[in-house]
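What follows is a set of notes on a single structure, which appears directly below.
The values are calculated or read from the model by the stated rules, or taken from the named source; none is laboratory data. Since we're looking at a predicted model, the values are computed, not measured. Note that each Cβ is placed from the backbone with ideal geometry, even for glycine, and that neighbours are counted across all protein chains shown. When the accessible area is computed, the model is the full protein with side chains, heavy atoms only, and any ligands, DNA or RNA have been set aside. Shrake-Rupley method; radii C 1.70, N 1.55, O 1.52, S 1.80 Å.
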Protein chains: 2
Amino acid sequence: MGVVVAFEEKQPTPQIDSLVGLVAPDMERVNATILARTGSDVTMIPEVANHLISSGGKRLRPMLTLATAALCDYPGEGHVKLAAAVEFMHTATLLHDDVVDESDMRRGKLAARMLWGNEASVLVGDFLLGQAFKMMVEVGSLPCLDVLSTAAAVIAEGEVMQLSAAKDTQTTEDAYLAVIRAKTAALFAAACEVGPILARRGRAEIAACRSYGLNLGIAFQLIDDALDYGGSSAKLGKNTGDDFREGKITLPVVLAFRRGSEQERAFWRKALEQGEVGEADLDAAIAIMRKHRALEDTVERARHYGKMARDALELFAPSPIKQAMLDAVEFAISRAH
Amino acid sequence: MGVVVAFEEKQPTPQIDSLVGLVAPDMERVNATILARTGSDVTMIPEVANHLISSGGKRLRPMLTLATAALCDYPGEGHVKLAAAVEFMHTATLLHDDVVDESDMRRGKLAARMLWGNEASVLVGDFLLGQAFKMMVEVGSLPCLDVLSTAAAVIAEGEVMQLSAAKDTQTTEDAYLAVIRAKTAALFAAACEVGPILARRGRAEIAACRSYGLNLGIAFQLIDDALDYGGSSAKLGKNTGDDFREGKITLPVVLAFRRGSEQERAFWRKALEQGEVGEADLDAAIAIMRKHRALEDTVERARHYGKMARDALELFAPSPIKQAMLDAVEFAISRAH
């Protein structure tokens with residue numbers, strides 16, 4: 001009897017290309033706005049801002065603002081400035097995060113704080129926040145201002161929450177979810193909510209877009225967390241181990257800690273709470289996670305939020321932009337394979 | 001022949017009490033709003049925020065919003081939230097400044113960053129900025145949002161400008177004025193401008209209030225700069241020498257450096273650019289400043305801006321609140337004696 005090799009139908013890897021393509025003309029104008037609005041006679045401001053902004057981030061958040069505006073047939077111009085404002089809010093958060101986390105690297109380049117100092121990172125972040133609000137005010141929609149200013153406060157609250165819970169291996173999954181809802185998903189949600197608001201859609205559609213963004217944001221962060229330990233595949237990315245070395249408590253750790261033996265818990269406490277991380281410890285951490293399926297289940301949890309994101313869009317009629325937004329969810333999750 | 005003792009008519013020291021008294025009922029509501037809006041389930045937020053907010057700042061900036069609203073007979077409620085927002089913007093700036101300047105003390109207490117770390121100071125500052133914008137949005141005046149969000153960007157720009165010019169003894173008086181216009185006077189100006197805007201006054205009155213605030217802000221900062229070297233009197237305050245030890249270039253230094261000998265310039269370079277400050281150097285610095293009348297002339301410059309602030313209010317009819325605002329200018333300047 002021969003060995004039967006199952007013939008797996010090859011699933012095409014979900015792509016984000018169609019979303020990128022559909023919003024490309026608008027995104028060009030967002031990029032021009034971003035460039036124009038980082039301008040200042042104080043030369044350090046465009047230097048620091050563009051170091052990060054031009055470093056190849058995916059611009060996923062502004063893309064969502066453009067996508068939801070298109071989904072809701074918004075005929076105006078306001079979405080371009082709001083998308084740029086969303087990217088500025090995100091960039092400001094990254095600049096401040098690097099100071100808070102004392103990170104050396106960001107997106108494979110030296111962090112701005114390593115080149116210009118913590119001072120510049122704090123202050124240029126503040127400048128970008130100020131410019132973000134100026135652009136929102138120029139668009140002139142008070143409901144959009146409400147959504148985005150609330151997000152700004154919630155994001156900062158989430159960051160402080162994370163700081164308070166830092167290095168605490170006892171963190172529950174719920175507590176962790178509360179942190180990422182605030183620090184990551186709130187901006188995804190706001191970015192998606194302003195599209196239908198600008199387009200003067202009804203409450204149901206506004207709530208649907210918000211829900212899409214919120215759940216996509218949670219899924220996105222969970223996949224990032226899994227990727228930091230190599231995801232569910234065996235290949236390790238260039239940023240593998242950053243969270244581990246910084247003592248960050250993420251869902252893979254929460255699951256592995258709870259499911260682990262006393263000996264394994266002692267390992268996590270030593271590495272994450274006391275910060276005693278040796279050469280071989282990252283491999284050991286990944287091995288413990290694999291043993292308890294912590295990475296697979298983190299991806300599984302992400303899939304759950306991804307489904308909620310997809311379902312939220314159900315009330316919209318089929319369209320290329322809707323399909324591209326659904327594909328984007330799959331893409332976000334498939335990064336972990 | 002007996003000794004003739006000149007009988008000097010005793011000038012009453014100008015007081016800020018009448019301004020404080022006139023806005024007291026509104027200020028109570030501002031204080032309640034501040035307390036309510038620093039609330040968060042994340043306990044570190046009210047702890048850090050209130051450490052600074054309750055540390056006995058004069059709340060001059062929110063007082064100006066209340067005063068200009070009263071000057072323009074504003075009958076509504078929006079000025080209370082805008083005044084609280086102005087104080088939050090100011091507090092956020094102080095929290096971030098302490099990180100940037102690596103200050104140990106603030107208002108005679110340990111700086112928040114010494115108690116909770118730089119991370120908390122950065123993030124709670126961001127939270128307060130977010131809350132400030134939320135409050136402005138709640139008031140719902142787009143012109144006020146425009147004024148305050150522009151101020152936020154300008155303040156950050158001024159801080160970066162100061163950072164770029166830091167420790168540069170070649171700084172000109174003009175360059176220094178550009179910094180304090182942005183980092184200090186812009187918020188005074190915005191705080192004063194929103195009063196007449198809320199009261200739907202015309203362009204002339206809005207410009208007048210803005211000019212009052214801007215020039216009062218410049219005068220206020222110049223006096224602070226002089227006070228850091230003991231002002232024009234011989235008695236030294238508790239914060240004397242902070243700017244000197246931090247290598248900050250302020251107007252007294254700019255004037256003393258330009259008017260000084262080569263030997264004196266070498267002294268300033270060594271102390272401020274290289275940061276080599278010995279025990280006796282503050283006294284030496286003050287002596288050089290006195291020799292060149294640098295402190296007296298800084299106060300004199302402040303008086304010039306104070307006059308502009310007073311003249312700006314001329315188009316308003318006499319009233320107790322107007323008189324109190326005029327007295328406040330004198331008070332701000334008289335601090336240096």
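Observations
- Tally of residues being at the interface with another protein chain (Cβ under 7 Å from one of its Cβ atoms), more than 18 Å from B:Leu148 (Cα to Cα) and in contact (Cβ under 8 Å) with a residue 12 or more places away in the chain across the range A:146-166: 4
- Count of residues meeting criterion [over 28 Å from A:Glu246 (Cα atoms) and in contact with a Lys or Arg (Cβ under 7 Å, 6 or more places away or on another chain)] in the range A:285-313: 1
- Number of positions in the range A:202-214 that are in contact with a helix residue (DSSP H, G or I) (Cβ under 7 Å, 6 or more places away or on another chain), more than 13 Å from A:Arg61 (Cα to Cα) and not hydrophobic (A, V, I, L, M, F, W, C): 2
Per-residue answers, yes or no, for (1) touching a Pro at 6+ places or on another chain (Cβ under 9 Å); (2) surrounded by 24 or more Cβ atoms within 10 Å (Cβ to Cβ); (3) within 14 Å of chain B (Cβ to nearest Cβ); (4) at pLDDT below 90:
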site: A:Thr38; (1), (2), (3), (4): yes, no, yes, no
site: A:Ala49; (1), (2), (3), (4): no, yes, yes, yes
site: A:Ile53; (1), (2), (3), (4): no, no, no, yes
site: A:Gly56; (1), (2), (3), (4): no, no, no, yes
site: A:Arg59; (1), (2), (3), (4): no, no, no, no
site: A:Leu71; (1), (2), (3), (4): yes, yes, no, no
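- Of the helices (runs of 4 or more DSSP H) that lie entirely inside the range A:225-337, those containing 1 or more residues that are under 30 Å from A:Ala204 (Cα atoms) and in contact with a helix residue (DSSP H, G or I) (Cβ under 6 Å, 6 or more places away or on another chain) span A:294-312, A:320-334.
- Verdict on A:Arg29 being modelled with pLDDT of 90 or more, in a helix (DSSP H, G or I) and open to solvent by less than 40 Å² (accessible area, probe 1.4 Å): no
- Taken as a whole, the structure leaves B:Glu193 outside the set of residues that are under 16 Å from B:Val100 (Cα atoms), under 17 Å from the mean Cα position of the chain (by Cα) and crowded, with 24+ Cβ neighbours inside 10 Å.
- Among the numbered conditions (1) open to solvent by less than 40 Å² (accessible area, probe 1.4 Å); (2) at the interface with chain A (Cβ under 10 Å from one of its Cβ atoms); (3) within 17 Å of B:Leu214 (Cβ to Cβ), the only one that B:Thr184 does not meet is (2).
- The residue that is farthest from the other protein chains (Cβ to nearest Cβ), among those in the range B:128-145 that are among the hydrophobic types (A, V, I, L, M, F, W, C) and open to solvent by 10 Å² or more (accessible area, probe 1.4 Å), is B:Val139.
- Residue match in the range A:244-253 (condition: modelled with pLDDT under 95, farther than 24 Å from A:Ala336 by Cα and more than 19 Å from the chain's Cα centre (by Cα)): no
- Test: residue in the range A:209-224 that is more than 20 Å from A:Ala294 (Cα to Cα), surrounded by fewer than 24 Cβ atoms within 10 Å (Cβ to Cβ) and of a type outside the set (A, V, I, L, M): yes
- Residue match in the range A:231-239 (condition: more than 14 Å from chain B (Cβ to nearest Cβ) and either touching a Ser or Thr at 6+ places or on another chain (Cβ under 7 Å) or crowded, with 18+ Cβ neighbours inside 10 Å (or both)): yes
- Comparison of A:Arg303, A:Arg335 shows that the only residue that is surrounded by 15 or more Cβ atoms within 10 Å (Cβ to Cβ) and closer than 26 Å to A:Ala165 by Cα is A:Arg303.
- The set of residues in the range A:171-203 that are in contact (Cβ under 8 Å) with a residue 24 or more places away in the chain, over 23 Å from A:Val139 (Cα atoms) and not charged (D, E, K, R) comprises A:Thr171, A:Thr172, A:Tyr176, A:Leu177, A:Ile180, A:Ala182, A:Thr184, A:Ala185.
- Filtered residues of the range A:70-94 (kept if in a helix (DSSP H, G or I) and more than 20 Å from A:Gly158 (Cα to Cα)): A:Ala70, A:Leu71, A:Gly78, A:His79, A:Val80, A:Lys81, A:Leu82, A:Ala83, A:Ala84
- When B:Glu246 is tested against (1) more than 14 Å from chain A (Cβ to nearest Cβ); (2) open to solvent by 10 Å² or more (accessible area, probe 1.4 Å), only condition (1) is not met.
- Subset of the range B:90-123 that is of a type in the set (D, E, K, R), over 18 Å from B:Ser40 (Cβ atoms) and within 14 Å of chain A (Cβ to nearest Cβ) - its residue that is most open to solvent (accessible area, probe 1.4 Å): B:Glu102
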